[in-house]
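All remarks here apply to the structure that follows.
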Amino acid sequence: MPVEAVLLDMDGVVVDNLPYHVDAWLLFCEQHGIPLTREVFYQELNGMNSKDTFEWFYGREMSLAEIEHLEEKKEAIYREFYAAHRKAAPGLISFLEGLKQQGIACALATSAGQGNIDFIVDGLGIRHFFQAIVGGAEVKKGKPDPEIYLKAADLLGVTYANCWVVEDSLQGIQAGLSAGMQVVGMTTSHTAAELAHTQIQVPNFEGLLDLIQTK
């Protein structure tokens, strides 16, 4: 099956930043009297958008204004924690260069908000590699719903079955599989055994282009 496009999640994939996000969530929750453990985050919340996450915490529907206010508090903590450590995942740049050289389209499809997308994409200088970027605010249903990956593929004008999704979270993997796409499970958040329902499991991008082209 020809590879028409690769759709990348951002947190835990483009950058191995999940521990900093989790630390930020833990501090935010401590400050707001919300019980949260690292284990619960990885099993239940990793990959979810901010709206779904905050509504999970508070157990009710929340207004856009409420979510934006709380989100900015949490993301300010995250960016302060991660700024000095920001770097591309191993093999990412050569992977993106290889896609470009071979004419394979690439999109970013992330639950993150615009501030965090800019923080990573422009901080790493990789915006020119993406023909489309879809953030959490641009979809009605967050992961594990497939909407974000379907929208990214539609923007690229490619066939869903000819897309590879690269994901680390259980929710994101489910989104890619539900979209009818091939999925690479990146083992930054879960073990290869936990991601055994994906087509490929890898620790990073090194050698990944050859793997997806021979699958």
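The values are calculated or read from the model by the stated rules, or taken from the named source; none is laboratory data. Everything numeric here is computed off the predicted structure, so don't read it as measured data. Using ideal geometry, Cβ is built from the backbone for each residue, glycine included, and neighbour counts are taken over all protein chains shown.
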Practice item. Find all pairs meeting these conditions: Cβ atoms under 6 angstrom apart; at least six residues apart or on different chains; first residue within segment 191-215 and surrounded by fewer than 16 Cβ atoms within 10 Å (Cβ to Cβ); second residue part of a strand (DSSP E or B). Key: Ala192/Gln201; Leu211/Ile200
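Applying the selection to segment 163-187, what residues are polar (S, T, N, Q), part of a loop (DSSP other than H, G, I, E, B) and modelled with pLDDT of 95 or more?
If the condition is that a residue be polar (S, T, N, Q), part of a loop (DSSP other than H, G, I, E, B) and modelled with pLDDT of 95 or more, then Thr187 is the only one that fits.
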Practice item. Please identify the pairs in which a residue from segment 79-101 that is over 18 Å from Thr188 (Cα atoms) has its Cβ atom under 9 Å from the Cβ atom of a residue that is exposed (fewer than 12 other Cβ atoms within 10 Å of the Cβ), counting only partners at least 6 apart or on another chain. Key: Gly98/Asp210; Lys100/His128
Exercise for review: Please indicate, with yes or no, whether at least one residue in segment 128-150 is assigned to a helix (DSSP H, G or I), assigned by TED's automatic domain parsing to the domain that holds Gly98, free of Cβ contacts under 8 Å to residues at least 60 places away in the same chain and basic (Lys, Arg).
Suggested key: no
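Would you mention how many residues in segment 102-126 are small (Gly, Ala, Ser) and either over 19 Å from Lys151 (Cβ atoms) or free of Cβ contacts under 8 Å to residues at least 24 places away in the same chain (or both)? Write out each step before concluding.
Taking segment 102-126 and keeping what is small (Gly, Ala, Ser), we get 103, 105, 107, 109, 111-113, 115, 123, 125.
From what's left, either over 19 Å from Lys151 (Cβ atoms) or free of Cβ contacts under 8 Å to residues at least 24 places away in the same chain (or both): 103, 115, 123, 125.
Count: 4.
Kindly check whether there is at least one residue in segment 60-70 that is over 19 Å from the mean Cα position of the chain (by Cα), among the charged types (D, E, K, R), within 29 Å of Met181 (Cβ to Cβ) and at pLDDT 95 or above.
Going through segment 60-70, the residues over 19 Å from the mean Cα position of the chain (by Cα) turn out to be 60-70.
Then drop every residue that is not among the charged types (D, E, K, R), which leaves 60-61, 66, 68.
When the remaining residues are screened for being within 29 Å of Met181 (Cβ to Cβ), the result is none.
Scanning segment 60-70, I find no residue that is over 19 Å from the mean Cα position of the chain (by Cα), among the charged types (D, E, K, R), within 29 Å of Met181 (Cβ to Cβ) and at pLDDT 95 or above, so the answer is no.
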**Study point:** Within segment 27-39, tally of residues that are in contact with a Phe, Trp or Tyr (Cβ under 8 Å, 6 or more places away or on another chain) and surrounded by 15 or more Cβ atoms within 10 Å (Cβ to Cβ)
**Key:** 2
Check your understanding: For segment 39-54, which residues satisfy the criterion of being in contact (Cβ under 8 Å) with a residue 12 or more places away in the chain and over 18 Å from the mean Cα position of the chain (by Cα)?
Key -> none
Practice item. Given the conditions (1) farther than 26 Å from Ser50 by Cα; (2) assigned to a helix (DSSP H, G or I); (3) of a type outside the set (Gly, Ala, Ser), report the number of the one that Glu206 does not fulfil. Key: (2)
Check your understanding: In segment 87-95, is there at least one residue being in contact with a strand residue (DSSP E or B) (Cβ under 9 Å, 6 or more places away or on another chain), basic (Lys, Arg) and surrounded by fewer than 18 Cβ atoms within 10 Å (Cβ to Cβ)?
Key -> yes
Revision key, fill the gap. If we keep only residues of segment 105-116 that are surrounded by fewer than 23 Cβ atoms within 10 Å (Cβ to Cβ) and not in a loop (DSSP other than H, G, I, E, B), then the residue farthest from the chain's Cα centre (by Cα) is Ala105
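Say we look at segment 40-68 and pick out the residues that are of a type outside the set (S, T, N, Q) and under 16 Å from Gly12 (Cβ atoms); which of these is surrounded by the fewest Cβ atoms within 10 Å (Cβ to Cβ)? So that I can check it myself, show each step before the final result.
Going through segment 40-68, the residues of a type outside the set (S, T, N, Q) turn out to be 40-42, 44-45, 47-48, 51-52, 54-62, 64-68.
Next cut, under 16 Å from Gly12 (Cβ atoms) only: 41-42, 44-45, 47-48.
Working: Phe41: 19, Tyr42: 18, Glu44: 14, Leu45: 18, Gly47: 27, Met48: 21.
In this case the residue turns out to be Glu44.
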